[in-house]
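The values are calculated or read from the model by the stated rules, or taken from the named source; none is laboratory data. In this text, all values refer to a predicted model and were calculated from it rather than measured experimentally. Don't worry about glycine lacking a Cβ; one is built from the backbone with ideal geometry, like all the others, and counts go over all protein chains shown.
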Amino acid sequence: MTNLINKEQTISSFEIAQITGKKHAHVLRDIRIMESAWQKVHKSKFGFTFKIIDLPNGASRKDPYYALNKLEFLYVITKYSDEARAKLVMRWAELEEKMILHIPAPKTINGVKCVAYNYWLLQNGYSLTSGQVRARIKKYPEQFCKTKDGWYMSEAIAEYFLDYRNPQQCIAELPYVSPKQLTMFN
């Protein structure tokens, strides 16, 4: 089984304040002070945004906060005590663990080594919501097989999707995973 981090994780200045026991305004101040040095080195600012809070009287309030990625977070926490830093690092580890996808090991189906289709898409930067997800299965049904664990595709077609050199010849030379699935979308 392989692990894959799904997307860039961030942590908010609200959560840093909660973990360290500091007021959020003080955390914002600390980050603003450190941001200028970060900008000189990395040529970018920290992620600054607002959280909209609905008030009981029907009005709303915009609370500013920072959403820090891992490098920004590690830089900012150098300012805190050893105990606070340890708590923050442990929290980051928890967040990363939640973001890891546990990719199933390849399976052999009808003598052909196959990979889990959806996980392969994520691992290679494809969108799961794209119309191409089903279109690939429809176009090359002999290269896909539906199992109780979801769709699997041959490793050969996976390599083909990453390398479009000679599409027709490459596809014709691939071993079939499931030749009977030509009518699966009728």
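A few remarks follow.
- Breaking point among (1) crowded, with 17+ Cβ neighbours inside 10 Å; (2) outside any helix (DSSP H, G or I); (3) among the hydroxyl-bearing types (Ser, Thr, Tyr), for SER130: (1)
- Any hit, segment 85-100, residues being assigned by TED's automatic domain parsing to the domain that holds ALA17, more than 26 Å from the chain's Cα centre (by Cα) and more than 19 Å from ALA25 (Cα to Cα): no
- Test for GLY47: is it at positive phi and not assigned by TED's automatic domain parsing to the domain that holds CYS114: no
- Segment 30-42 residues that are over 15 Å from LEU68 (Cα atoms), paired with ones that are hydrophobic (A, V, I, L, M, F, W, C) and in a helix (DSSP H, G or I) (beta carbon under 7 Å, 6 or more apart): none
- Qualifying residue in segment 144-165 (condition: more than 29 Å from the chain's Cα centre (by Cα) and either at pLDDT 65 or above or on the phi > 0 side of the Ramachandran plot (or both)): no
- In segment 27-43 there is no residue that is closer than 30 Å to GLU142 by Cβ, modelled with pLDDT under 90 and loosely packed, with under 12 Cβ neighbours inside 10 Å.
- Tally, over segment 6-26, of residues that are of a type in the set (Gly, Ala, Ser) and surrounded by fewer than 17 Cβ atoms within 10 Å (Cβ to Cβ): 2
- If you go through segment 7-29 and keep only what is assigned to a helix (DSSP H, G or I) and touching a residue at least 60 places away in the same chain (Cβ under 8 Å), you end up with GLU15, ILE16, ILE19, THR20.
- In summary, ALA93 fulfils each of the numbered conditions (1) surrounded by 14 or more Cβ atoms within 10 Å (Cβ to Cβ); (2) part of a helix (DSSP H, G or I) with the single exception of condition (1).
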